[in-house]
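This report refers to the structure that appears directly beneath it.
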Amino acid sequence: MLSFHRIPKFLTVLFLLALLFLFNQQANAYIKCKSGKFINDQGNEVLFKGIGLGGWLVPEGYMLHTPGFGSPSSINAQIVDVIGESKAKNFWQKYRQNYVNRKDIEIIASWGFNSIRLPFNYRLISPEDQPGVYLEEGFAVIDSLIEWCRDNRMYVILDMHCAPGGQNAGNISDSDGIEARLWTEPANQDRTVEIWQRIAARYRNDTTVVGYDLLNEPVLPNGHSATELRSLYMRITTAIRQVDKNHIVFIEGNWYGTDFTSLTPPWDTNLSYSFHKYWSETGVNTIQSYLNMRKTYGTPLWMGESGENSNHWFASTVKMLEENDVSWCWWTHKKFETITSPYSAKLPDGFQTLVDYWNGTGAKPSETYAEAVLLQFADNLKYEKCDFRPDVLQALLNPEFLTNNTPYKNLEIPGKINCVDFDFGGNEVAYYDTEYERTRWDVYNPWNTGRQYRNDGVDIEESKDKDGAKYSVGWIDAGEWLKFTVNVNNSAVYDVVVRFASAQDGGQLQLFIDDQPVSDIITLDKTGGWYNWDTITIKDVTIQGGTRELMLKFLNGGFNINQLEFIKVTDLEEQGQLPVKFELGQNYPNPFNHSTKIPFYVEQPAQVQLDIYNTNGQRVYSEAKKTVGEDYFTWQAGNLNQNSISSAIYIYSLTVRGKSDSKKMVFLK
């Protein structure tokens, strides 16, 4: 056996460096398309789980909250208008430095993504009015990103997001907003082919680069057929293959990457079809035509862009894609004032003054003022100054997001629990909300009406409550609920102070611990407004120590709520109420039409409480006694006032020293 301690130190170092070099070469070898899969040099499939760097090299108005057309060129014109060309150039330099740098890529890799989609504007590497001229400083930006990704063992896919003339008429392609002139002016197509060949020649030997996303979301103008799209793609591919036979070409469909008419059969053996998916249902039927295409032609699929929806929709879409062996990439890692990206940058004070001027509703600010605001705008893009949205990452990368709720924060009782800190998880897992995702592109359906703090279906806004939590849950409908994993430090009786606001009477809520009701239904009175905060105290709530699941159920809506405060009243240990073993039996007869017996067994003498609830959670009967051993309660099918009740399913719960068990029974008249 080779012993390292017998080898000279410098040879050991060289040997280890050689191993590391070989390891990196194997890990970063070219990815190829084969039999409908992405395959590495070891013959193993690679499933891309990526995130896009939208907004970095291709700013968009909705990301930056600027008014108007919102294309990169129009945004730049607005900035030049207020601070001039020279200072605008300085602003964009700082903007790019802070938006994405080495640390951002390190963080993205640590989250668990293995690939980056880099949207770029052709103007980054070739001046708009100088065909054939190339900018080394533009290529240097791309080179740096590739280096950062290589160092973090991540792949890169280069995406021409803005082609000469614009591949669609929208702001996202930096068009003139009138026409997609890539299709109407042949010179723009010639230039696009030339630029891609120059890119391929530069990166042909770089194994960190997976391939080239030739055109982002093309949309052919009226009068232009899909055969023109195929023809241009084939021209670009031919030009690339003259200098680069190793990298994949990614082909997006017409109509924003969704329509692959005339794009089959494939014309290259190292080609992948790339579709985009927004604002649609999440079933496999929504991508079946693409799966059929893969099966027929053996070309792998890449869902190259998706997002701008709720966490539940994110998790459902990723689950569906991965179950069908489809690689994916999300949009995008950072934006201003957002809940749909992992990082949310803050708009600076004074930014609204610029917006008002650009909108034509305010005076033009001084150059000094505008420059200070814009430099702060750029500075706020640093990752350490951004708000982090861990829920977005949970939805994308936690395979159990749709089945198991997990703690969002460490919550303790006694103490205060902010209602917006409910568990991670999907709808009907960590929460239930009647509107929790957007599934139509033509109808805007907000999943989070307040659009604050988190990206779940729960509606959250700033509370404007100086004495309570910063954010509140609102727009509450009957039947909705929230779950919280809590650490209960003491088995005790607690008073629970609920902080709420409402412009109307009739709101109702109830507390559950481990799916058992621990309070009556609480009815809330109006407080005089949606931001006029008041409290109501739920008395004598018994909770056993340990890790528990608290559920806050809303039986009737029409109020805002921001906080629960659990105040210990009495330790159960101090009352001599240490837990005892007990068993609850099934009532008999069941079903019954007059009376029924509810058997139980309690190991030690204890006070035993029987509560009977209807399926709406309302308590209809209660009885208690002190006993030991085998015993039973007899229920005469009456309510607390001994009046008869309706035929229905009822839930009976037995509580012994704060611990409960329950079963169902059926009453038939």
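A Cβ-based charge dipole, computed about the Cα centre of the stretch 582-667 with Lys and Arg at +1 and Asp and Glu at -1, lands at about 160 debye.
Report the extension gain between ASN410 and ASP129 in nm, rounded to one decimal, defined as 0.36 nm multiplied by the number of residues separating them, less their alpha carbon distance. Don't jump to the answer; show the numbers that get you there.
Working: separation 281, 0.36 × 281 = 101.16 nm, distance 5.68 nm.
95.5 nm is the gain from fully extending ASN410 to ASP129.
What fraction, in whole percent, of alpha-carbon pairs in the chain exceed 48 Å separation? The share of Cα pairs beyond 48 Å in the chain comes to 32 percent.
Counted by Cβ distance under 15 Å from THR282, the other residues give a net charge of -2, where Lys and Arg count +1 and Asp and Glu count -1.
Would you be so kind as to identify all helices of the chain, as entire DSSP H runs, whose Cα atoms reach 20 Å or more along the helix's own axis and whose mean Kyte-Doolittle hydropathy is at least -1.0? Intermediate values should be presented prior to the final figure.
Values: long enough: 9-27 (27 Å, 1.61); 72-99 (23 Å, -0.85); 136-151 (22 Å, 0.00); 186-203 (26 Å, -0.94); 226-241 (23 Å, 0.06).
Once both thresholds are applied, what remains is 9-27, 72-99, 136-151, 186-203, 226-241.
Once the cut-off is 24 Å, how many percent of the Cα-Cα pairs in the stretch 433-557 end up in the long-distance tail? Pairs farther apart than 24 Å: 34 percent. What are the lysines whose alpha-carbon lies under 19 Å from the alpha-carbon of LYS364, with same-chain residues fewer than 8 places away excluded? Within the straight-line cut-off, LYS364 pairs with LYS87.
If you average the C-alpha positions of the stretch 105-179 and of the stretch 351-405 separately, how far apart do those two centres end up, in angstrom? About 21 Å separates the Cα centre of the stretch 105-179 from the one of the stretch 351-405.
What does DSSP give for the chain in terms of the percent of beta bridges that are antiparallel, rounded to the nearest 5? Intermediate results must be reported in sequence, preceding the final value.
Details: 92 of 132 bridges.
Bridges in the chain are about 70 percent antiparallel.
With 21 Å as the limit, the listed pairs LYS334/LYS382; LYS470/LYS568; LYS49/LYS277; LYS416/LYS553; LYS49/LYS382 have LYS470/LYS568; LYS49/LYS382 beyond it between alpha carbons. Remark: the chain carries a charge dipole of roughly 1440 debye about the Cα centre, counting +1 on each Lys and Arg Cβ and -1 on each Asp and Glu Cβ.
Taking each residue as 0.36 nm, the span from LYS539 to ASP515 lengthens on full extension beyond its C-alpha to C-alpha distance by 6.7 nm.
Where the only charges are on Cβ atoms (+1 Lys, Arg; -1 Asp, Glu), what is the dipole of the stretch 449-555 about its Cα centre, to the nearest 20 debye?
Numbers: 11 positive and 17 negative charges, 58 e Å.
Using Cβ point charges on Lys, Arg, Asp and Glu, the stretch 449-555 gives about 280 debye.
Within the straight-line cut-off of under 26 Å between alpha carbons, the lysines reachable from LYS597 are LYS581, LYS625, LYS626, LYS659, LYS663, LYS664, LYS669, sequence neighbours fewer than 8 places apart in one chain being disregarded.
Rounded, prolate or oblate: which fits the stretch 582-667, taking a ≥ b ≥ c as square roots of the Cα gyration tensor eigenvalues, rounded meaning a/c under 1.5, else prolate when a/b beats b/c? It is prolate, given that a/c is not under 1.5 and a/b is the larger ratio.
How large is the helix-only mean residue ellipticity at 222 nm for the chain, computed as the sum of -39500 (n - 2.57) over DSSP H runs with n ≥ 4, divided by its residue count, in deg cm²/dmol to the nearest 500? All intermediate terms of the calculation are to be shown ahead of the outcome.
On the way: 14 runs with 172 residues, N = 669.
The helix-only estimate for the chain comes to -8000 deg cm²/dmol at 222 nm.
Each reported figure results from applying straightforward, stated rules to the coordinates on display, with no laboratory input. Please read all numbers here as calculations on a predicted model, not as lab measurements. Virtual Cβ from ideal backbone geometry, glycine too; neighbours counted across all protein chains shown.
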